[in-house]
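Some notes on the structure that comes next.
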């Protein structure tokens with residue numbers, strides 16, 4: 001069954017607004033509403049609130065994800081929990097529900113296929129669907145994971161970390177620069193400093209100097225080196241960046257080099 005998803009001007013305007021908003025519960029819930037509206041644009045009821053009785057993310061996703069993770073064999077990733085505890089407190093139930101909706105949106109259309117739409121094939125504005133998944137990824141990394149840590153919900157936290165990791169590999173396989181950027185965000189929030197720098201550098205190297213975020217990624221990697229006290233590496237990177245810089249970025253990169261020398265002497 002093919003279904004055409006359509007992003008109108010209102011969807012795109014709301015997406016841009018949410019992308020520049022604070023990573024908060026309100027932004028997360030507003031993002032869920034936007035995705036719900038977009039998924040229903042094809043004429044079928046595919047939003048999460050209409051599918052909760054048909055999509056059990058614990059039963060449906062665990063075997064599928066275990067199969068994928070066996071092929072990846074990354075020792076940094078947590079083991080997918082075979083069982084999620086029955087949550088009783090209101091705050092933990094709220095977090096549990098946020099995880100469930102996040103998983104549904106990130107793995108769509110697979111999440112819908114676990115219900116009665118076994119042959120569902122979305123078409124239309126699929127790039128916008130990817131953008132929405134990227135937004136949810138950023139919210140999950142910056143808001144949900146810290147909240148799960150605070151609530152000591154280890155099983156849900158481990159589960160969503162694996163979902164986020166697999167989501168980047170599958171959804172962004174054709175855009176390695178953005179894929180590595182998202183993995184750097186996740187690694188940073190998990191305190192994996194070596195992997196954070198690794199993915200951040202990859203994201204920078206895979207970005208063309210003509211791209212609008214080229215210098216932003218360069219500055220982020222340089223800052224990561226400075227934060228770790230890796231001044232030799234930061235100096236080498238800044239000088240190489242200056243040598244290869246274009247005219248439009250030259251002055252700003254020159255300031256980075258100057259600041260590197262200043263911080264090293266401090």
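Structure above, values below:
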read-out: Matching residues in the stretch 19-47 - criterion: being in a loop (DSSP other than H, G, I, E, B) and buried (at least 17 other Cβ atoms within 10 Å of the Cβ); value: 46, 47
read-out: Hits in the stretch 186-209 (condition: surrounded by 21 or more Cβ atoms within 10 Å (Cβ to Cβ) and assigned to a helix (DSSP H, G or I)); value: 186, 187, 196, 197, 199, 200, 203, 204
read-out: Out of 215, 263, sole residue that is outside the structural domain of residue 77 (by TED's automatic domain parsing), touching a helix residue (DSSP H, G or I) at 6+ places or on another chain (Cβ under 8 Å), closer than 30 Å to residue 137 by Cβ and assigned to a helix (DSSP H, G or I); value: 215
read-out: Scope the stretch 1-18; condition out of contact with any strand residue (DSSP E or B) (no Cβ under 9 Å at 6 or more places or on another chain) and surrounded by fewer than 16 Cβ atoms within 10 Å (Cβ to Cβ); matching residues; value: 8, 9, 10, 12, 13, 16, 17
read-out: Any hit, the stretch 55-73, residues being at pLDDT below 90, part of a loop (DSSP other than H, G, I, E, B) and under 18 Å from residue 168 (Cα atoms); value: yes
read-out: Any hit, the stretch 229-240, residues being under 21 Å from residue 135 (Cα atoms) and either without any contact (Cβ under 8 Å) to a residue 12 or more places away in the chain or part of a helix (DSSP H, G or I) (or both); value: no
read-out: Answer from 205, 243 - the residue that is at pLDDT 95 or above and out of contact with any helix residue (DSSP H, G or I) (no Cβ under 8 Å at 6 or more places or on another chain); value: 205
read-out: Failed condition for residue 139, given (1) surrounded by fewer than 20 Cβ atoms within 10 Å (Cβ to Cβ); (2) under 23 Å from residue 11 (Cα atoms); (3) in contact (Cβ under 8 Å) with a residue 40 or more places away in the chain; value: (1)
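Results for (1) under 13 Å from the mean Cα position of the chain (by Cα); (2) farther than 29 Å from residue 43 by Cα, shown as yes or no for each residue.
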residue	(1), (2)
129	no, no
135	yes, no
153	no, yes
163	yes, no
167	yes, no
170	yes, no
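The values are calculated or read from the model by the stated rules, or taken from the named source; none is laboratory data. Keep in mind that this is a model prediction, so the values were computed, not measured. Cβ sites come from the backbone with ideal geometry, for glycine too, and all protein chains shown count toward neighbours.
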